1. Is it the case that I56 is at pLDDT below 95, closer than 19 Å to L116 by Cβ and surrounded by fewer than 14 Cβ atoms within 10 Å (Cβ to Cβ)?
2. Mind listing just one residue for me: the one in region 31-53 that is under 10 Å from the mean Cα position of the chain (by Cα) and aliphatic (A, V, I, L, M) and, of those, surrounded by the fewest Cβ atoms within 10 Å (Cβ to Cβ)?
3. Assuming G64 fulfils every condition listed in (1) touching a residue at least 60 places away in the same chain (Cβ under 8 Å); (2) of a type in the set (G, A, S); (3) open to solvent by 30 Å² or more (accessible area, probe 1.4 Å) apart from one, which condition is it?
4. Residue by residue through region 19-30, note down the ones that are surrounded by 13 or more Cβ atoms within 10 Å (Cβ to Cβ) and within 13 Å of A109 (Cβ to Cβ).
5. In region 67-84, what count of residues is obtained for those that are open to solvent by less than 90 Å² (accessible area, probe 1.4 Å), modelled with pLDDT of 90 or more and more than 17 Å from S114 (Cα to Cα)?
6. Could you list, in sequence order, the residues of region 19-66 that are more than 22 Å from A86 (Cα to Cα) and not aliphatic (A, V, I, L, M)?
7. Out of curiosity, is I9 surrounded by 14 or more Cβ atoms within 10 Å (Cβ to Cβ), modelled with pLDDT under 90 and at negative phi?
8. If you check S102 against the conditions, is it open to solvent by less than 40 Å² (accessible area, probe 1.4 Å), farther than 30 Å from S6 by Cβ and hydroxyl-bearing (S, T, Y)?
Amino acid sequence: MKKFFSQTIEIKALIISIIATVLGFLGTIFLFWQQRGDIPFGVLTGGGIIILGWLILYLSKKNGKETAKLDVFVIFLRLSLLVISAITFAVLRLQLDLYIISPISLIIAYLVVSLLTLIAHIGRDKNA
């Protein structure tokens, strides 16, 4: 555990978001047998957006490109992907009766995984 907290904030948040997304998917996997596969796919998509953002930040800082502009861009990219995805899947559900991804589970998974990645900021002053 000590080795985990000695990592950079980006890698800690990336690991936490991957674990939270996988656990969320595994927790909702039984819904496939209830013909509600859109909910586990929503959990994967919402968590995947967070994972993608942290992966971009980790890879950029690993290459030595630390800028505040990149952080703001990644935040904007994540929120744009979330809004576009939620609107797209809501329109598909309401207009065409296609149940691919649940927009509600997408947004809830995004929020839950985002809040869980705040754990990465615990002890930030010790590592900075």
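1. no
2. Checked region 31-53; the qualifying residue surrounded by the fewest Cβ atoms within 10 Å (Cβ to Cβ) is L52.
3. Condition not satisfied by G64: (1).
4. Once the filter is applied, which keeps residues that are surrounded by 13 or more Cβ atoms within 10 Å (Cβ to Cβ) and within 13 Å of A109 (Cβ to Cβ), region 19-30 yields A20, T21, V22, L23, G24, F25, T28.
5. 0
6. Those that are more than 22 Å from A86 (Cα to Cα) and not aliphatic (A, V, I, L, M): F30, W33, Q34, Y58, S60, K61, K62, N63, G64, K65, E66.
7. Answer is yes for this residue.
8. Details: open to solvent by less than 40 Å² (accessible area, probe 1.4 Å): yes; farther than 30 Å from S6 by Cβ: yes; hydroxyl-bearing (S, T, Y): yes.
Taking the combined requirement at face value, the residue satisfies it.
The values are calculated or read from the model by the stated rules, or taken from the named source; none is laboratory data. Given the structure is predicted, the values throughout are model-derived calculations rather than measurements. Here Cβ is always computed from backbone atoms with ideal geometry, including for glycine, and neighbour counts include all displayed protein chains. Heavy atoms of the whole protein, side chains included, go into the accessibility calculation; ligands, DNA and RNA do not. Shrake-Rupley method; radii C 1.70, N 1.55, O 1.52, S 1.80 Å.
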